[in-house]
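Engineer: Supplied in structure tokens, the structure appears directly below.
Every read-out reported here was derived from the displayed coordinates using simple, explicitly stated rules and does not represent laboratory data. Remember, it's a predicted structure, so these values are computed and weren't measured experimentally. All Cβ positions, glycine included, derive from the backbone under ideal geometry; neighbour counts span all protein chains shown.
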Amino acid sequence: MVRISDLARAAGVGISTVRFYERRGLVTPTARTHSGYRHYDDEALRRLKFIRRAQRLGFTLAEVEQILELPETTDDFGGVIAEKVTEIEQRIHDLGRVRHALLELARDGVQEQCPVVAALAD
């Protein structure tokens, strides 16, 4: 059992982040001391690390909440994953169009309409 400051340090987040996740129901203290200090177990640290990694990979906090609400023995998280893959593929496509427009701009010089705006408008 560790206190909130130790948990935050171990997870690489601020104490306010731990409190925010606690308010959202994503992390729960295992116990409280008589003086009100929160104590957390290894599961809280595991969840915090999962949340941070998922966010770095592009998952929103709402999507992380969906995944964490599923039972650990389920295969139902496939829908959330499939939606994220579709979103990533769309972003890759959009980035490719922007890349192409920037390369054209570098090759051809300034045009009447910004090629980046034109590429994103399609």
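Engineer: Whether any residue in region 18-41 is part of a loop (DSSP other than H, G, I, E, B) and within 30 Å of Glu89 (Cα to Cα) is what I want to check.
Structural biologist: Checked against the condition, which is being part of a loop (DSSP other than H, G, I, E, B) and within 30 Å of Glu89 (Cα to Cα), region 18-41 yields at least one hit.
Engineer: Next question, about the same structure. Give region 20-52 a look and list any residue that's touching a residue at least 40 places away in the same chain (Cβ under 8 Å) and under 15 Å from the mean Cα position of the chain (by Cα), or say none.
Structural biologist: Correct list: Arg24, Leu26, Leu48, Arg52.
Engineer: So how many residues does region 1-19 have that are under 16 Å from the mean Cα position of the chain (by Cα) and of a type in the set (Ser, Thr, Tyr)?
Structural biologist: 1
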